[in-house]
Amino acid sequence: MADSHSGGDSHAPRHADPWWLDDPESMEDTHILGRRSLEQALRDEQMSAEKHPSTEDHPRHGGYDDEPYYAPTHALTVDADADDPFADVGGSTAGFPRQGRYAMTEDYSADAGVSARSVSGVRAPAAAAQHDSHDGRAFRRSAIWTVLGAAVPGLGLMESRRDSHRRFGLAVTGLALAALTVLIIMAVTSPAALASVAVRPRLLNVIAIALPVVAVLLVALLVFTHLDIRPARITHPQRWISAVLVGTLSLAIAAPMAISARYARDESAALSKIFAESKSGTRPSIDYNQSVADIWRQKPRVNVLLVGGDDSSTRQYRQHGEMNTDTMMVASIDTQTGNTTIIQVPRNLANLPFPANSELHKIYPNGFSNGHGDDSDFFANAVWSTVENDHKAAMGDTDYPGADALKLGIGQALGLSIDYFVMLDIDGLQKLVDAVGGVTVNVNERLPIAGNTEGKVPTGYIEIGPDQHLNGYRAMWYARSRSASTDYDRMGRQSCLMKAVLDQVSPQTVLTRFESIAAASGDMVVSDIPQGMLPAFVELVMRMRDANVNRLLFVQGKNGFVAYDPNYNLMRTQVKEAIADASSSKNRNKPVTSSSPRPTPSATPTPTPTPSNSGSSTPTASATAVSQSVTDVCAYNPIQK
């Protein structure tokens, strides 16, 4: 009887290979069955075995009665059958042709009590190994795309098997890249506008709320991405790796945003405390609801009074109405160019005048004096406390009567209209310098620490040398030390310290030390600058970094200045000259510390300062110069005494 599957040859040898060995499908790669499919196949085999217990009673359809029966490879058989040369070849049960080879995706044979070889034949281990290798590569690939998805939101979904997920990931990635592009363009074309975000309290409050929400969304997107693109079946070690990977990436995403949210909240609180909505009798009226360019176009010059009080947490002078403003300087700034003139007024300036139309002029018609120019109770540094204690009503409706009085007096003395003030006490200076990581200055004379003119022995010294990096405490004594010099000497060092801060405190420094700066500023700084003007001042300060800076010091016995009997008309003329001279190229602001050339001691003789009546050791540009280049006077030029 001819076998219908053997090509019609009824005389084929009885020992010839079965027909299904030549079937092309039998040579295809192993079919991978899941647990459910394999269980169903096993049940089918068991049922077939029960119905057809022997090959003799149930010959293969179309074969001879004595032709051997070939058991299917996927049936559960004993190990002895493994030696059968056809055990690894696909076969069919009676009436149920089965032409593939099967490998389990899970170790089912362990549960069934049989070996893997008896389930899938001698080829099963190779197929299982190939399958494991494929799953390993797929898992590693999913891990890589998960990391990419953490770096660029939505990018990991490009590996998803679903079109809708890939489209969603593409949309998220596009939004993220668009936002990043906008930030880069702003940073390059308008860094001041980007930096001004840090001085807008309302916007900072929004950021403090928005950042945690964004962090949660990004972490959720990361988890969803990983679960979507990783293989459906993974091993227990791979599950642990997944958990660690996603947890680490989630922390890397959420932690910076949480810290930034806290910084934004702290900065908003500090700004609201320092630049609170306050009342002032001397502050200009400006519409803040316009662009920064329009604000400064309407105000071509702004004058800011910088005050250093002798108060501290241990002294408590201000609380008791005894604070003196030992440091008084005016920064007169051209708002279009950023060119700045620093005008420094000595603390012992006598007869400080007040505008004729002010109430203080009625109280002090001959200036702030009792008729004796050497009475320290009527020096310029005593105006703040005296007015707050005795003449607060004369200042009208203001939250800063002492500051307003000092603004009126200094402005009248210099021929300027003082717009705003900023006051920093001893603790504030020290903490602020520490907050920005210290400052680097050139020390041109040996400066005692903690000594005084009454004979107190110094606890140490700031030694002469270029590029001296000072922490807050030493920077405070660099600016205040006078036991071995004079008030006028320390006035010069104070403007050098101001230059160092201006040069070295970059926007990057502010961002990286945001929290400490906010904490230091919030407790120690007082100002009448309104919040609405802060973005404009941020842009102005950045413009000042690359502009010209000169200074005018009123020093006893120089350029006609006499502290106890000042000629205010002469002083006003000199102020005008100094402001006009600020645009000169000789006053170009340049770094004078690490990035500046240092003189060679052996090749360059050390200049000796010209003696003066006051014994001042502050170097000057020339014997007759009214103003000085801050770059020149703050360079390393040691003084020999």
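Here is how the numbers come out for the structure above:
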read-out	value
Neighbours by Cβ (under 7 Å, 6+ apart or cross-chain): first from the range 214-240, free of Cβ contacts under 8 Å to residues at least 60 places away in the same chain; second open to solvent by 40 Å² or more (accessible area, probe 1.4 Å)	Val214/Met257; Ala215/Met257; Ala215/Ala258
Residue that is farthest from Trp145 (Cα to Cα) [pool: residues in the range 221-265 that are in contact with an Asp or Glu (Cβ under 6 Å, 6 or more places away or on another chain) and part of a helix (DSSP H, G or I)]	Tyr263
Hits in the range 395-407 - residues which are crowded, with 19+ Cβ neighbours inside 10 Å and out of contact with any His (no Cβ under 9 Å at 6 or more places or on another chain)	Met395, Tyr400, Gly402, Ala403, Asp404, Leu406, Lys407
Residue that is farthest from the chain's Cα centre (by Cα), among those in the range 415-424 that are of a type outside the set (Ser, Thr, Tyr) and open to solvent by 20 Å² or more (accessible area, probe 1.4 Å)	Gly415
Scope the range 366-376; condition open to solvent by 30 Å² or more (accessible area, probe 1.4 Å) and either at pLDDT 95 or above or outside any loop (DSSP other than H, G, I, E, B) (or both); matching residues	Ser376
Enumeration of residues in the range 188-204 that are in contact with an Asp or Glu (Cβ under 7 Å, 6 or more places away or on another chain) and open to solvent by 60 Å² or more (accessible area, probe 1.4 Å)	none
Which listed residue, of Arg297, Arg347, is of a type in the set (Lys, Arg), touching a residue at least 40 places away in the same chain (Cβ under 8 Å) and in contact with a Ser or Thr (Cβ under 9 Å, 6 or more places away or on another chain)	Arg347
Given (1) part of a loop (DSSP other than H, G, I, E, B); (2) in contact with a Leu (Cβ under 6 Å, 6 or more places away or on another chain); (3) modelled with pLDDT under 95, index of the condition Gly321 fails	(2)
Checklist (1) open to solvent by 20 Å² or more (accessible area, probe 1.4 Å); (2) under 22 Å from the mean Cα position of the chain (by Cα); (3) not aromatic (Phe, Trp, Tyr) applied to Asn559, failing item	(2)
The range 571-606 - residue that is surrounded by 13 or more Cβ atoms within 10 Å (Cβ to Cβ) and among the aliphatic types (A, V, I, L, M) and, of those, modelled with the lowest pLDDT	Val592
Among (1) of a type in the set (Val, Ile, Thr); (2) within 30 Å of Ala138 (Cα to Cα); (3) loosely packed, with under 13 Cβ neighbours inside 10 Å - the single one Thr235 does not satisfy	(3)
Residue in the range 164-172 that is within 27 Å of Gln531 (Cα to Cα) and open to solvent by 80 Å² or more (accessible area, probe 1.4 Å) present	no
Given (1) among the charged types (D, E, K, R); (2) free of Cβ contacts under 8 Å to residues at least 12 places away in the same chain; (3) within 28 Å of Arg301 (Cβ to Cβ), number of the condition Asp334 does not satisfy	(2)
Matching residues in the range 287-316 - criterion: being of a type in the set (A, V, I, L, M) and buried (at least 18 other Cβ atoms within 10 Å of the Cβ)	Val292, Ile295, Val302, Val304, Leu305, Leu306, Val307
Selection count where residues are assigned to a strand (DSSP E or B) and crowded, with 18+ Cβ neighbours inside 10 Å, scope the range 441-482	9
Whichever residue in the range 429-440 is assigned to a helix (DSSP H, G or I), under 14 Å from Leu497 (Cα atoms) and not polar (S, T, N, Q) and, among such residues, is farthest from the chain's Cα centre (by Cα)	Leu429
Residue count for the range 175-184, restricted to those that are in contact (Cβ under 8 Å) with a residue 12 or more places away in the chain and open to solvent by less than 60 Å² (accessible area, probe 1.4 Å)	1
The range 257-285, residues that are under 23 Å from Gly402 (Cβ atoms) and open to solvent by less than 40 Å² (accessible area, probe 1.4 Å)	Ala270, Leu271, Ile274, Phe275, Ala276, Ser278, Ser280, Thr282, Pro284
Pair list, Cβ under 6 Å, 6 or more apart: the range 435-448 residue acidic (Asp, Glu), other residue buried (at least 24 other Cβ atoms within 10 Å of the Cβ)	none
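The values are calculated or read from the model by the stated rules, or taken from the named source; none is laboratory data. As the structure is a computational prediction, the values presented were derived from the model and not from experiment. Neighbour counts are summed over all protein chains in view; Cβ atoms, including those assigned to glycine, are modelled from backbone coordinates with ideal geometry. The accessibility values were calculated without ligands, DNA or RNA, using every heavy atom of the protein model including side chains. Shrake-Rupley method; radii C 1.70, N 1.55, O 1.52, S 1.80 Å.
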